[in-house]
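Worksheet: the structure to be examined is printed underneath.
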Amino acid sequence: MKNIMFIAPPAAGKGTQAELVVEKYGIPHISTGDILREISKEDSEIGKYVQETLASGKLVKDDITYQLVEDRLGKKDCKNGFIIDGFPRNIDQAYEYDKILKNLGYDIGHVIYINVDKKVLEKRITGRRICEDCNTIYNINDKDNSPEIESVCDNCGGKLYQRSDDNLEAFDTRYQMYMEKTEPIIKHYREQNVLVEIDGNDTVENIFKKIDKIINE
Ligand SMILES: [Zn+2]
């Protein structure tokens, strides 16, 4: 089993695909968010620092994040492959990630770029509706995923709402930021011939089939 990194724009369904891979292959899903939350519970100097930094809404220092990622990836459960999520977020972190892998004697593995057209993402974002009672997520722009009655949950009859940041303006900002930070990462891994691009303008099942094929090649 090779290590896996997903690169995908916001709302591309990266999290769902990671879950499907974890379910099928049983490899750990490593995210920097989880690492930081875990460490913040520890009664140590670094645990205290992370806890205070997160609580104040600031960013944990890069050096500390790198060290924590390296420590986590060095654990036994990662020796047979893992999915890294939410890291690297920019090209500097990508260089640092390469170093971490080298230190641990790991290969980069598969860098899977799920490419989705911006128009498709916009439809997903603006169509998303969530049940305020049971949290089921619908999409009124997707006939396979829309509720029978537009503002009512099929499961429980609860009222559906739209998240305040699920609008075109907020999405545009997120998307611009993603492009700026991510394009250099894509270029970097493409140059090393480890990047596989897949067409993400597709259903969850079909995207997973493509990912599964790459994993099994
Ligand atoms: Zn509901």
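The values are calculated or read from the model by the stated rules, or taken from the named source; none is laboratory data. Here the structure is a predicted model, which means the values were calculated and not measured. When we count neighbours, we look across all protein chains shown, and the Cβ atoms used for this are built from the backbone with ideal geometry, even at glycine.
So, in the range 126-167, exactly how many residues are more than 18 Å from THR203 (Cα to Cα) and in contact with a Pro (Cβ under 6 Å, 6 or more places away or on another chain)?
1
Could you list, in sequence order, all residues of the range 65-107 that are crowded, with 18+ Cβ neighbours inside 10 Å and outside any helix (DSSP H, G or I)?
Across the range 65-107, the qualifying residues are GLY81, PHE82, ILE83, ILE84, PHE87, PRO88.
For every residue, the table says whether it meets (1) closer than 23 Å to LYS187 by Cα; (2) touching a Gly at 6+ places or on another chain (Cβ under 8 Å); (3) of a type in the set (Val, Ile, Thr).
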residue: ASN3; (1), (2), (3): yes, yes, no
residue: PHE6; (1), (2), (3): yes, no, no
residue: LYS24; (1), (2), (3): no, no, no
residue: ILE27; (1), (2), (3): no, yes, yes
residue: GLY33; (1), (2), (3): no, yes, no
residue: ILE39; (1), (2), (3): no, yes, yes
residue: ASP43; (1), (2), (3): no, no, no
residue: VAL50; (1), (2), (3): no, no, yes
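Which residue, of GLU122, GLU96, GLU148, GLU132, is among the charged types (D, E, K, R), within 16 Å of the ligand (Cβ to nearest atom) and touching a residue at least 12 places away in the same chain (Cβ under 8 Å)?
The conditions single out GLU132.
Which ones in the range 21-48 are outside any helix (DSSP H, G or I) and of a type in the set (Ser, Thr, Tyr)?
SER31, SER44
Tell me, yes or no, whether the range 14-25 has at least one residue that is within 20 Å of LEU121 (Cα to Cα), out of contact with any strand residue (DSSP E or B) (no Cβ under 7 Å at 6 or more places or on another chain) and touching a residue at least 24 places away in the same chain (Cβ under 8 Å).
yes
Restricting attention to the range 149-167, does a residue exist that is part of a helix (DSSP H, G or I), at pLDDT below 95 and within 18 Å of LYS14 (Cα to Cα)?
Checked the range 149-167: no residue is part of a helix (DSSP H, G or I), at pLDDT below 95 and within 18 Å of LYS14 (Cα to Cα).
Which of the residues spanning the range 151-169 are within 27 Å of the chain's Cα centre (by Cα), within 12 Å of the ligand (Cβ to nearest atom) and of a type in the set (A, V, I, L, M)?
LEU160
Just the residues that are within 16 Å of the ligand (Cβ to nearest atom) and under 23 Å from ARG174 (Cα atoms), please, taken from the range 136-145.
Passing the criteria: ILE137, TYR138, ASN139, ILE140.
Restricting attention to the range 130-147, and to residues there that are modelled with pLDDT under 95 and of a type in the set (D, E, K, R), which single residue is farthest from GLY13 (Cα to Cα)?
Applying the filter and picking the extreme gives LYS143.
Restricting attention to the range 189-199, does a residue exist that is surrounded by 12 or more Cβ atoms within 10 Å (Cβ to Cβ) and either within 16 Å of the ligand (Cβ to nearest atom) or assigned to a loop (DSSP other than H, G, I, E, B) (or both)?
The answer is yes, given that some residue of the range 189-199 is surrounded by 12 or more Cβ atoms within 10 Å (Cβ to Cβ) and either within 16 Å of the ligand (Cβ to nearest atom) or assigned to a loop (DSSP other than H, G, I, E, B) (or both).
Please work out if THR182 is surrounded by 13 or more Cβ atoms within 10 Å (Cβ to Cβ), in contact with a strand residue (DSSP E or B) (Cβ under 7 Å, 6 or more places away or on another chain) and of a type in the set (Ser, Thr, Tyr).
When the stated conditions are applied, THR182 passes them.
Any idea how many residues of the range 112-148 are touching a Gly at 6+ places or on another chain (Cβ under 6 Å) and outside any loop (DSSP other than H, G, I, E, B)?
4
Only residues that are over 20 Å from the mean Cα position of the chain (by Cα), over 19 Å from ILE100 (Cβ atoms) and among the hydrophobic types (A, V, I, L, M, F, W, C): list them for the range 32-59, please.
The answer is ALA55, and nothing else.
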